[in-house]
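Quick notes on the structure that follows.
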């Protein structure tokens, strides 16, 4: 057998050389385009469901949110197991699928089950799926701060955006921030409405999470009057 292979190779040496060169070129091309990660993501195929219920204790979250969500996910094709965390006002359920299950199919099935289970959840509890990413997919963390905190060594021009002589901060929108809560709230607003939308447009970014600060809210409270007035 070996003699036949050697004889064929010697008799067709130009063809063998050409095939060898083609294989070598393909190998070099594949090596050049091979995605290499210093820390490969070995996390299993999973979908996370996060639910916020601020008024509930961990035991109430477990009974009224976590358990109904886990029950709703039961029976999805390719689902291997679920695990959960119940904390004060927060529930996280992780659905683990087989490796051969397409992640978009899994998310579609989870979304359909969640829409059906909303009626069994407490008022105000809105479950939502996390980004198509895992803990090993976190690539960058940053902090939003003011330049010259509390106006120290900052050039001050009253009436212009920036630190004012009375210790307040004037935003480019004309809002004057005085208290620590207002200052922290504005940083969160910058993160949510300026930084996050720009980063989510970057190719390959699955999601951008924010921690800390105060989320600005607007409450509309109508004045109740007697109908006969």
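The values are calculated or read from the model by the stated rules, or taken from the named source; none is laboratory data. Predicted model only: the values in this text are computed from it and were never measured. FYI the Cβ positions are ideal-geometry reconstructions off the backbone, even for glycines, and counts take in every protein chain you see.
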Please enumerate the residues belonging to segment 147-173 that are under 18 Å from residue 188 (Cβ atoms), out of contact with any strand residue (DSSP E or B) (no Cβ under 7 Å at 6 or more places or on another chain) and assigned to a loop (DSSP other than H, G, I, E, B).
147, 172, 173
In segment 18-50, which residues are touching a helix residue (DSSP H, G or I) at 6+ places or on another chain (Cβ under 7 Å) and assigned to a loop (DSSP other than H, G, I, E, B)?
39, 41, 43
Give me the residue from segment 12-50 that is surrounded by 10 or more Cβ atoms within 10 Å (Cβ to Cβ) and at pLDDT below 85 and, out of that set, nearest to residue 120 (Cα to Cα).
43
Note: among 198, 191, 216, just one is more than 30 Å from residue 42 (Cβ to Cβ), surrounded by fewer than 10 Cβ atoms within 10 Å (Cβ to Cβ) and within 21 Å of the chain's Cα centre (by Cα), namely 198
Qualifying position, being in contact with a strand residue (DSSP E or B) (Cβ under 8 Å, 6 or more places away or on another chain), outside any strand (DSSP E or B), on the phi < 0 side of the Ramachandran plot and not assigned by TED's automatic domain parsing to the domain that holds residue 50, among 187, 203, 183, 199
183
Going through (1) on the phi < 0 side of the Ramachandran plot; (2) exposed (fewer than 10 other Cβ atoms within 10 Å of the Cβ); (3) in a loop (DSSP other than H, G, I, E, B) one by one, residue 210 fails only at (2)
On the given criteria, is residue 153 loosely packed, with under 11 Cβ neighbours inside 10 Å, out of contact with any helix residue (DSSP H, G or I) (no Cβ under 8 Å at 6 or more places or on another chain) and in contact (Cβ under 8 Å) with a residue 40 or more places away in the chain?
no
When the residues of segment 131-149 are narrowed to those that are surrounded by 13 or more Cβ atoms within 10 Å (Cβ to Cβ) and modelled with pLDDT of 85 or more, which ends up farthest from residue 211 (Cα to Cα)?
146
Applying the selection to segment 88-113, what residues are in contact (Cβ under 8 Å) with a residue 40 or more places away in the chain, under 16 Å from residue 126 (Cβ atoms) and not in a strand (DSSP E or B)?
110, 113
Answer yes or no: is there a residue in segment 51-72 that is touching a helix residue (DSSP H, G or I) at 6+ places or on another chain (Cβ under 9 Å) and surrounded by fewer than 11 Cβ atoms within 10 Å (Cβ to Cβ).
no
